[in-house]
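The values are calculated or read from the model by the stated rules, or taken from the named source; none is laboratory data. In this text, all values refer to a predicted model and were calculated from it rather than measured experimentally. Here Cβ is always computed from backbone atoms with ideal geometry, including for glycine, and neighbour counts include all displayed protein chains. Surface areas here come from the heavy atoms of the whole protein model, side chains and all, with no ligands, DNA or RNA. Shrake-Rupley method; radii C 1.70, N 1.55, O 1.52, S 1.80 Å.
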Amino acid sequence: MPAPLLDPTARRTMIAALVPEAEPLVGPFRGELDPTARRGLGAHLTLVHPFVLPAEVTATTVATLRAAVAPVPAFACMFGELRWFGSRVLWLAPDAVDPFREIAERVHAAFPELEREDRELVPHLTVGLRRAASTEALRRAEDALAPRLPLAVRVEAVQLLVRTGTWDVGAEAPLGAAGRLSPSGPPGPGSPASP
(Lines give C-alpha, C1' and ligand atoms only; values in the text may rest on other atoms or scores of the structure.)
Protein backbone atom coordinates (compact mmCIF):
# COMPACT_ATOMS: atom_id res chain seq x y z
CA MET A 1 0.00 0.00 0.00
CA PRO A 2 1.39 3.47 -0.86
CA ALA A 3 2.73 5.45 2.09
CA PRO A 4 0.64 8.42 3.21
CA LEU A 5 2.25 11.83 2.70
CA LEU A 6 0.57 13.87 5.39
CA ASP A 7 1.02 14.29 9.11
CA PRO A 8 -0.73 11.34 10.81
CA THR A 9 -2.39 13.78 13.23
CA ALA A 10 -4.11 15.64 10.36
CA ARG A 11 -7.88 15.92 10.79
CA ARG A 12 -9.14 16.88 7.36
CA THR A 13 -8.17 18.15 3.92
CA MET A 14 -9.67 20.43 1.32
CA ILE A 15 -8.86 21.90 -2.07
CA ALA A 16 -8.76 25.69 -2.11
CA ALA A 17 -7.30 28.58 -4.05
CA LEU A 18 -5.13 30.68 -1.77
CA VAL A 19 -5.18 34.39 -2.59
CA PRO A 20 -2.10 35.89 -0.89
CA GLU A 21 -2.60 39.20 -2.74
CA ALA A 22 -5.80 39.67 -0.69
CA GLU A 23 -4.03 39.43 2.67
CA PRO A 24 -3.11 43.12 2.98
CA LEU A 25 -6.75 44.00 2.31
CA VAL A 26 -8.71 41.37 4.25
CA GLY A 27 -6.15 39.85 6.61
CA PRO A 28 -6.68 42.28 9.51
CA PHE A 29 -10.46 41.79 9.31
CA ARG A 30 -10.31 38.01 8.90
CA GLY A 31 -8.05 37.79 11.94
CA GLU A 32 -10.91 39.17 14.02
CA LEU A 33 -13.95 37.91 12.10
CA ASP A 34 -13.05 34.45 10.70
CA PRO A 35 -11.84 31.68 13.04
CA THR A 36 -10.04 29.88 10.20
CA ALA A 37 -7.64 32.83 9.94
CA ARG A 38 -6.66 32.25 13.56
CA ARG A 39 -5.87 28.66 12.60
CA GLY A 40 -3.42 29.75 9.95
CA LEU A 41 -5.68 29.68 6.91
CA GLY A 42 -4.97 32.67 4.69
CA ALA A 43 -7.38 34.39 2.33
CA HIS A 44 -8.81 31.66 0.09
CA LEU A 45 -11.72 30.27 -1.86
CA THR A 46 -12.79 26.78 -0.79
CA LEU A 47 -13.42 24.60 -3.86
CA VAL A 48 -13.73 21.02 -2.58
CA HIS A 49 -14.38 20.25 1.09
CA PRO A 50 -13.92 17.66 2.37
CA PHE A 51 -11.21 16.18 0.13
CA VAL A 52 -9.54 12.78 0.59
CA LEU A 53 -9.03 11.61 4.19
CA PRO A 54 -5.56 12.69 5.33
CA ALA A 55 -4.37 9.12 6.00
CA GLU A 56 -5.30 8.18 2.41
CA VAL A 57 -3.43 10.99 0.65
CA THR A 58 -0.46 9.50 -1.22
CA ALA A 59 1.86 10.60 -4.01
CA THR A 60 -0.69 9.10 -6.41
CA THR A 61 -3.42 11.28 -4.90
CA VAL A 62 -1.34 14.40 -5.49
CA ALA A 63 -0.43 13.33 -9.02
CA THR A 64 -4.11 12.70 -9.80
CA LEU A 65 -5.06 16.11 -8.40
CA ARG A 66 -2.38 17.86 -10.44
CA ALA A 67 -3.40 16.07 -13.63
CA ALA A 68 -7.07 16.91 -12.99
CA VAL A 69 -6.53 20.68 -12.74
CA ALA A 70 -3.63 21.01 -15.22
CA PRO A 71 -5.92 21.65 -18.24
CA VAL A 72 -7.45 24.73 -16.56
CA PRO A 73 -5.41 27.79 -17.60
CA ALA A 74 -4.18 30.23 -14.99
CA PHE A 75 -6.56 33.19 -14.94
CA ALA A 76 -7.04 36.78 -13.83
CA CYS A 77 -9.69 37.40 -11.21
CA MET A 78 -11.19 40.64 -9.95
CA PHE A 79 -12.86 40.97 -6.55
CA GLY A 80 -15.10 43.95 -7.13
CA GLU A 81 -17.79 43.81 -4.48
CA LEU A 82 -18.76 42.54 -1.06
CA ARG A 83 -21.77 40.30 -0.65
CA TRP A 84 -23.60 38.47 2.12
CA PHE A 85 -24.99 35.00 2.62
CA GLY A 86 -28.09 36.14 4.48
CA SER A 87 -26.76 38.02 7.49
CA ARG A 88 -24.33 35.24 8.42
CA VAL A 89 -21.30 35.57 6.12
CA LEU A 90 -19.60 38.61 4.60
CA TRP A 91 -17.56 37.76 1.51
CA LEU A 92 -15.67 39.12 -1.48
CA ALA A 93 -17.20 38.17 -4.82
CA PRO A 94 -14.88 37.15 -7.66
CA ASP A 95 -15.85 38.07 -11.21
CA ALA A 96 -14.36 34.80 -12.54
CA VAL A 97 -16.64 32.08 -11.19
CA ASP A 98 -16.49 29.62 -14.10
CA PRO A 99 -12.80 28.67 -13.70
CA PHE A 100 -13.30 27.96 -9.99
CA ARG A 101 -16.32 25.80 -10.76
CA GLU A 102 -14.40 23.99 -13.50
CA ILE A 103 -11.59 23.18 -11.08
CA ALA A 104 -14.08 21.79 -8.55
CA GLU A 105 -15.80 19.71 -11.25
CA ARG A 106 -12.49 18.30 -12.47
CA VAL A 107 -11.47 17.34 -8.94
CA HIS A 108 -14.80 15.62 -8.34
CA ALA A 109 -14.50 13.77 -11.65
CA ALA A 110 -10.99 12.59 -10.73
CA PHE A 111 -12.11 11.56 -7.22
CA PRO A 112 -15.67 10.25 -7.64
CA GLU A 113 -15.70 8.89 -4.08
CA LEU A 114 -15.77 12.43 -2.65
CA GLU A 115 -18.92 13.80 -1.07
CA ARG A 116 -20.73 16.36 -3.21
CA GLU A 117 -23.05 19.07 -2.06
CA ASP A 118 -26.42 19.29 -3.74
CA ARG A 119 -26.17 23.03 -4.27
CA GLU A 120 -24.03 24.76 -6.86
CA LEU A 121 -20.63 26.04 -5.77
CA VAL A 122 -20.63 29.78 -5.10
CA PRO A 123 -16.96 30.81 -5.28
CA HIS A 124 -16.28 33.34 -2.52
CA LEU A 125 -13.57 34.69 -0.26
CA THR A 126 -14.91 34.85 3.28
CA VAL A 127 -14.18 38.01 5.23
CA GLY A 128 -16.16 37.22 8.38
CA LEU A 129 -18.78 35.02 9.97
CA ARG A 130 -21.66 36.00 12.24
CA ARG A 131 -20.90 33.02 14.51
CA ALA A 132 -17.47 34.56 15.20
CA ALA A 133 -18.33 38.26 15.41
CA SER A 134 -21.18 40.69 15.87
CA THR A 135 -23.23 42.01 12.99
CA GLU A 136 -21.88 45.45 13.84
CA ALA A 137 -18.27 44.25 13.45
CA LEU A 138 -19.09 42.69 10.09
CA ARG A 139 -20.80 45.90 8.92
CA ARG A 140 -17.77 47.95 9.99
CA ALA A 141 -15.54 45.62 7.95
CA GLU A 142 -17.85 46.00 4.96
CA ASP A 143 -17.76 49.80 5.24
CA ALA A 144 -13.97 49.82 5.54
CA LEU A 145 -13.32 47.38 2.67
CA ALA A 146 -15.82 48.61 0.06
CA PRO A 147 -13.90 51.79 -0.88
CA ARG A 148 -10.68 49.76 -1.32
CA LEU A 149 -12.11 47.52 -4.04
CA PRO A 150 -11.62 46.27 -6.69
CA LEU A 151 -8.74 43.88 -6.02
CA ALA A 152 -7.13 42.23 -9.05
CA VAL A 153 -5.31 38.91 -8.62
CA ARG A 154 -4.01 36.06 -10.75
CA VAL A 155 -4.85 32.46 -9.86
CA GLU A 156 -2.04 30.16 -10.97
CA ALA A 157 -2.53 27.13 -8.70
CA VAL A 158 -4.82 25.47 -6.20
CA GLN A 159 -3.69 23.98 -2.93
CA LEU A 160 -4.31 20.78 -1.02
CA LEU A 161 -4.77 22.19 2.47
CA VAL A 162 -4.35 20.04 5.55
CA ARG A 163 -5.79 20.69 9.01
CA THR A 164 -3.74 19.61 12.01
CA GLY A 165 -3.71 22.21 14.78
CA THR A 166 -3.49 24.76 11.97
CA TRP A 167 -4.23 24.75 8.25
CA ASP A 168 -1.14 24.14 6.11
CA VAL A 169 -0.37 23.54 2.44
CA GLY A 170 0.18 19.82 1.85
CA ALA A 171 0.70 20.13 -1.92
CA GLU A 172 0.18 22.57 -4.74
CA ALA A 173 -1.43 21.87 -8.10
CA PRO A 174 -0.45 24.35 -10.85
CA LEU A 175 -3.03 25.49 -13.37
CA GLY A 176 -2.23 25.47 -17.07
CA ALA A 177 0.34 22.73 -16.63
CA ALA A 178 -1.28 20.24 -19.04
CA GLY A 179 1.46 20.67 -21.62
CA ARG A 180 4.19 20.44 -18.99
CA LEU A 181 3.16 17.16 -17.32
CA SER A 182 5.23 14.19 -18.38
CA PRO A 183 3.37 10.87 -18.34
CA SER A 184 6.54 8.92 -17.58
CA GLY A 185 9.88 9.30 -15.91
CA PRO A 186 10.90 9.44 -12.28
CA PRO A 187 9.30 12.01 -10.03
CA GLY A 188 11.36 15.08 -9.27
CA PRO A 189 10.81 18.58 -7.96
CA GLY A 190 7.65 19.98 -9.50
CA SER A 191 6.72 16.71 -11.18
CA PRO A 192 3.20 15.28 -10.89
CA ALA A 193 4.23 12.67 -8.32
CA SER A 194 6.21 14.97 -6.03
CA PRO A 195 4.29 16.42 -3.07
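Side notes on the structure shown:
- Within region 118-182, strands (runs of 3 or more DSSP E) holding 1 or more residues that are among the basic types (Lys, Arg): 151-155, 157-163
- Qualifying residue in region 48-57 (condition: under 25 Å from LEU151 (Cα atoms), free of Cβ contacts under 8 Å to residues at least 40 places away in the same chain and open to solvent by 50 Å² or more (accessible area, probe 1.4 Å)): no
- Counted residues, region 65-79 - those being in a helix (DSSP H, G or I), open to solvent by less than 30 Å² (accessible area, probe 1.4 Å) and out of contact with any Phe, Trp or Tyr (no Cβ under 9 Å at 6 or more places or on another chain): 2
- In summary, ALA109 fulfils each of the numbered conditions (1) of a type in the set (Gly, Ala, Ser); (2) open to solvent by less than 70 Å² (accessible area, probe 1.4 Å); (3) not in a strand (DSSP E or B) with the single exception of condition (2).
- Flag if VAL62 is out of contact with any Gly (no Cβ under 9 Å at 6 or more places or on another chain), touching a residue at least 40 places away in the same chain (Cβ under 8 Å), open to solvent by less than 50 Å² (accessible area, probe 1.4 Å) and not in a loop (DSSP other than H, G, I, E, B): no
- Check on ALA22, outside any strand (DSSP E or B) and of a type in the set (Gly, Ala, Ser): yes
- Residues satisfying the stated conditions in region 1-25, i.e. in contact with a helix residue (DSSP H, G or I) (Cβ under 8 Å, 6 or more places away or on another chain) and either within 20 Å of PHE75 (Cβ to Cβ) or aromatic (Phe, Trp, Tyr) (or both): ILE15, ALA17, LEU25
- Odd one out for ARG180 among (1) at pLDDT 95 or above; (2) open to solvent by 60 Å² or more (accessible area, probe 1.4 Å): (1)
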